[in-house]
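Written out below as structure tokens is the structure these notes cover.
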Amino acid sequence: MATSSLSVTDNRTGKTYELPISDGTIKAIDLRAIKTDADDFGLMTYDPAFMNTAACRSAITYIDGDKGILRYRGYPIEQIADKATFLEVAYLLAEGELPTQAQLDKWTHNITYHTYVHTNVIKFLEGFRYDAHPMGMLLGAVGALSTFYPDAKHIEDPANRYVQRVRLLAKIPTIAAFAFRHSRGLPYEFPRNDLDYIGNYVNMMFSIGGKHEPNPVLQRALEILLILHADHEQNCSTSAVRAVGSSHVDPFSAISAGIAALYGPLHGGANEAVLEMLEEIGDKKNIPAFIEKVKKGDGRLMGFGHRVYKSYDPRAKLIKRVADEVFAETGLNPKLEIALELERIALEDEYFIKRKLYPNVDFYSGLIYQAMGYPTDYFTVLFAVGRLPGWLAQWEEMLMDKDQKIARPRQIYTGQDERPYVAIEKR
Ligand code: COA
């Protein structure tokens, strides 16, 4: 009869061990009992980049990469993107359920009334050079917020955690918008509490002389893009938030670690790389030669392929629809034609079919952001604003998880054996 366990024979000793299996995993710590003798530390696993290690239990986001499924708290991303607002999604991710009207009103009210930042934050931002990268500004300013709210260190108090989550959701768009204005040499536009979350964010970025005529199609498109980025389970930046947060530091510091991780080109920067690639291709007629170059191993087709999705990224499908709506408003981005043709050719090509390489979320998002008027170095900031609800929900879940301790991986030491210190004149 099948039992939920794994029998392992250690061929060094001939001993057999039985390891329980639950949720399709064995506990790495159970391997520690496998020893050659009493002095042996015990067996460990070696898993650089956590390719096959579940580091937590999570009830927030479900992904089936083979089937192209993404769900937030059980709700399919397609339905969420179609129907929900960004703040509803933030509530859902944090609380586990969609809010009632009364809950949503309270949540929205709380976030709306924390949108202002201390004026000293503005002094920090003004200290950055005129050409400072907006993501670097966001990273620095969010880290600095912890000094304005020293009470945030009381992470053991649920009411306190709630306030800090609200503060972060309220203030990050303000700082992100100020960073946008800074890079254009424009005066900062203060939050307007009569506008909704997205409306206020867009207004702070684009208002000139206190005036901005919102385009509801573009605003909803931005909201959908942010929703599509809101969580993606244990990715690099979320793992950073969890690992740093596991030291019980305040959430402003933990979230700034997430922003730092997202700043890296392998994580948040791919849509920028897609635009550069489309620029390089320049014309539809150059696509076949470009594809041949990629197939020979000279570069990659940016915006294609994913560590988890081995079929069409469900977010990419939704983004394609958003792109149609946005380009109907803004006029066609000439690079879109190249992108569509590139996708068509790649999806028919044996190389990409065999490796299960499909467009990912970044293939079209950069084109949309560009059409909306965002400079390429601002794309990662938009990603950070979108991902914030996920970081906060995962941070809270990590703190509540009794299995969790301070994150502290093991290593295989490959350095020198003990040796005596050598005086400088003898080296
Ligand atoms: N273009 C061309 N070939 C690609 C490719 C791409 N975008 N992505 C993967 N491949 C090929 C690899 O060369 C490899 O081929 P091989 O088996 O002949 O050596 C195979 O597909 C597997 O690639 P691998 O690097 O092992 O996959 P991964 O899961 O580690 O990488 C990505 C995932 C996302 C890093 C990778 O697909 C990539 O670099 N994509 C482009 C960047 C991008 O869009 N990033 C955003 C992710 S949301």
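Assorted remarks:
- Region 231-277 - residue that is β-branched (Val, Ile, Thr) and within 16 Å of the ligand (Cβ to nearest atom) and, of those, farthest from the chain's Cα centre (by Cα): 274
- Exactly one residue out of 232, 182 is at pLDDT 95 or above, outside any helix (DSSP H, G or I) and either on the phi < 0 side of the Ramachandran plot or of a type in the set (Lys, Arg) (or both): that is 232.
- Residue satisfying all of: in region 318-347; over 25 Å from the mean Cα position of the chain (by Cα) and within 15 Å of the ligand (Cβ to nearest atom); surrounded by the fewest Cβ atoms within 10 Å (Cβ to Cβ) among these: 347
- All positions within region 354-397 that are assigned to a loop (DSSP other than H, G, I, E, B), touching a helix residue (DSSP H, G or I) at 6+ places or on another chain (Cβ under 8 Å) and within 16 Å of the ligand (Cβ to nearest atom): 357, 358, 360, 361
- Selection count, region 280-297, where residues are among the charged types (D, E, K, R) and loosely packed, with under 11 Cβ neighbours inside 10 Å: 3
- Residue within region 306-315 that is aromatic (Phe, Trp, Tyr), buried (at least 16 other Cβ atoms within 10 Å of the Cβ) and within 10 Å of the ligand (Cβ to nearest atom) present: yes
- Which numbered condition residue 223 fails, given (1) within 14 Å of the ligand (Cβ to nearest atom); (2) over 13 Å from the mean Cα position of the chain (by Cα); (3) part of a helix (DSSP H, G or I): (1)
- Complete set of residues in region 99-123 that are part of a loop (DSSP other than H, G, I, E, B) and either exposed (fewer than 15 other Cβ atoms within 10 Å of the Cβ) or aromatic (Phe, Trp, Tyr) (or both): 100, 113, 116, 118
- Only a single item in (1) in contact with a Lys or Arg (Cβ under 7 Å, 6 or more places away or on another chain); (2) surrounded by 20 or more Cβ atoms within 10 Å (Cβ to Cβ) is not met by residue 155, and it is number (2).
- For beta carbons closer than 7 Å, sequence separation of 6+ or different chains, a first residue in region 208-226 that is without any contact (Cβ under 8 Å) to a residue 60 or more places away in the chain and a second that is surrounded by 14 or more Cβ atoms within 10 Å (Cβ to Cβ) and in a helix (DSSP H, G or I), the qualifying pairs are 212/203; 212/206; 214/199; 214/202; 219/198; 219/199; 219/202.
- Criterion (polar (S, T, N, Q), surrounded by 15 or more Cβ atoms within 10 Å (Cβ to Cβ) and modelled with pLDDT of 95 or more) met by exactly one of 370, 404: 404
- In summary, no strands (runs of 3 or more DSSP E) completely within region 1-86 bear 3 or more residues that are among the aromatic types (Phe, Trp, Tyr) and out of contact with any strand residue (DSSP E or B) (no Cβ under 9 Å at 6 or more places or on another chain).
- When restricted to residues that are under 17 Å from residue 271 (Cβ atoms) and without any contact (Cβ under 8 Å) to a residue 40 or more places away in the chain, region 335-352 contains 3.
The values are calculated or read from the model by the stated rules, or taken from the named source; none is laboratory data. All figures in this text were calculated on a predicted structure; none of them were measured in a lab. Ideal geometry is used to build each Cβ from the backbone, glycine not excepted, and the neighbour counts take in all protein chains shown.
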